[in-house]
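Since the structure comes first, as structure tokens, the remarks are kept for the end.
Throughout, read-outs are computed from the coordinates displayed, never taken from laboratory work. Source: prediction; values computed, not measured. So basically every Cβ, Gly included, is an ideal-geometry build from the backbone, and we count neighbours across all protein chains shown.
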Number of protein chains: 2
Amino acid sequence: MAEEALFDLMHMEAVSYVFQGGEKLSELSMDIFTGRKDEAVSKLEHMGFATGYRLVERLTRESGRYKDELDIMKYICKDLWVTVYKKQIDNLRTNHQGVYVLHDNRFRFLSHMAAGKQYLEYAPRYLAFTCGLVRGCLANLGITCVVTAEVTQLPACKFQIQVQRG
Amino acid sequence: MAEEALFDLMHMEAVSYVFQGGEKLSELSMDIFTGRKDEAVSKLEHMGFATGYRLVERLTRESGRYKDELDIMKYICKDLWVTVYKKQIDNLRTNHQGVYVLHDNRFRFLSHMAAGKQYLEYAPRYLAFTCGLVRGCLANLGITCVVTAEVTQLPACKFQIQVQRG
């Protein structure tokens with residue numbers, strides 16, 4: 001319980017620090033198409049990447065090799081998600097051509113936000129770190145990919161993994 | 001184990017992000033007396049403060065009130081330190097006039113640094129968050145104070161709490 005709180009609070013601080021906390025709503029809306037917000041998102045993504053890359057190294061030290069790509073994705077959805085977010089991914093879909101979509105019906109970092117559309121525009125900043133985390137984990141396990149996220153209805157969201165081949 | 005790693009890694013990323021990672025040693029040494037480094041340290045301190053303030057709120061929700069200032073300091077040294085750093089403070093000293101010195105003989109955030117003087121100058125950046133954390137916890141418990149830290153010999157360090165009265 002306490003460790004979970006610690007991680008949540010650190011993440012919240014990182015988001016608020018990167019976005020400089022004091023930004024007003026109007027500035028934010030304006031920022032969507034400028035470099036500034038992109039830069040903040042990309043910094044959080046980078047923090048997530050570094051964290052995921054090192055974390056998976058420690059977590060998988062004792063475990064065997066994974067059979068294939070799908071096996072690795074299942075590891076992300078189950079073990080990794082439980083370790084970091086205390087629940088499993090609710091649904092994993094793939095087109096069997098390198099695209100995987102992970103549905104989390106109650107994503108931890110969004111679960112404290114009020115439902116409804118009011119805060120929907122703030123949601124992406126709470127997903128950036130995790131996109132990086134997943135990308136970092138997969139990179140360490142030998143899979144190069146692009147990870148994006150989308151909020152459908154708070155606190156649900158989905159992460160899309162596009163594996164880069166060859 | 002995994003949660004500990006998660007917190008450690010997040011903290012490392014926060015430090016490296018705030019200090020912009022790429023700084024060279026020479027720049028760093030020069031920065032000591034400029035505002036730039038101070039600003040980074042103060043940002044980490046602020047992140048720690050916010051984290052500590054909220055964390056202690058969750059941790060002490062169920063517990064009773066503390067008898068006095070010393071009782072609160074003991075709580076910081078034992079329960080809080082175990083929650084965050086997985087060990088207790090090794091030694092607590094006070095002059096009974098509002099100064100408390102907490103000795104940690106093997107501080108978690110310094111334990112991965114090589115011993116010796118080579119990295120001693122980097123140590124302060126790994127203490128700033130914790131100074132803030134302690135100050136935030138105490139603020140929430142009704143004690144206004146200044147917290148500073150000092151590395152004696154890696155990985156040992158001491159935190160000094162100076163309670164502001166009146």
(request) Take the alpha carbon atoms of the stretch A:49-103, find their center, do the same for the stretch B:49-86, and report the distance between the two centers in whole angstrom. (result) 35
(request) Determine the equivalent ellipsoid of the protein assembly as shown by diagonalising the alpha-carbon gyration tensor, then write out the semi-axes as square roots of 5 times the eigenvalues, largest first, rounded to whole Å. (result) 36, 22, 21
(message) Compute a Gaussian network model of chain A, connecting alpha carbons closer than 10 Å, and tell me which residue from A:GLY116, A:GLY64, A:GLY52 fluctuates the most.
(response) A:GLY64
(message) Per 0.36 nm of contour for each residue apart, how much would the distance between A:LEU70 and A:HIS103 grow if the chain were fully extended, relative to their Cα-Cα spacing?
(response) 10.3 nm
(request) Quick one: plug the Kirkwood hydrodynamic radius of the stretch A:2-163 (C-alpha pairs) into Stokes-Einstein at 10 °C, 1.306 mPa s, and report D in µm²/s. (result) 97
(request) From other protein chains only, count the Cβ atoms within 10 Å of every residue's Cβ in A:79-90, then give the mean. (result) 1
(message) For the stretch A:75-160, which trypsin sites (Lys or Arg not before Pro) pass both filters: DSSP loop (anything but H, G, I, E, B) and at most 15 other C-beta atoms within 10 Å?
(response) A:LYS86, A:LYS87, A:ARG106, A:LYS117
(request) Report, for A:ALA5, each distance to the same residue's label point in the other copies, shortest first and in nm; define the point 7 Å along Cα→Cβ. (result) 2.5
(request) Counting only C-alpha contacts under 8 Å and six or more residues apart, can you give the relative contact order of the stretch A:2-163 as a whole percent? (result) 27
(request) With a cut-off of at most 10 other beta carbons within 10 Å, and DSSP calling the residue loop, which GluC sites (Glu not before Pro) in the stretch B:55-122 qualify? Please list them. (result) B:GLU62
(message) Quick one: the Cα spread of the stretch A:80-124 along its three principal axes, in angstroms, biggest first?
(response) 36, 23, 14
(request) Can you figure out the FRET efficiency of A:LEU120 with B:SER111, using R₀ = 51 Å and their beta-carbon distance, to the nearest 0.05? (result) 0.75
(request) Give the range of the longest stretch in chain B that excludes all chymotrypsin sites (Phe, Trp or Tyr not before Pro) found in loop regions by DSSP and having at most 14 other beta-carbon atoms within 10 Å. (result) B:34-118
(message) Can you list the copy-to-copy distances for A:SER63, using a point 7 angstrom from Cα toward Cβ, in nanometres, shortest first?
(response) 3.5
(request) Please give the contour-minus-distance gain from A:GLU150 to A:LYS78: 0.36 nm per residue of separation, less the Cα-Cα distance, rounded to one decimal in nm. (result) 23.9 nm
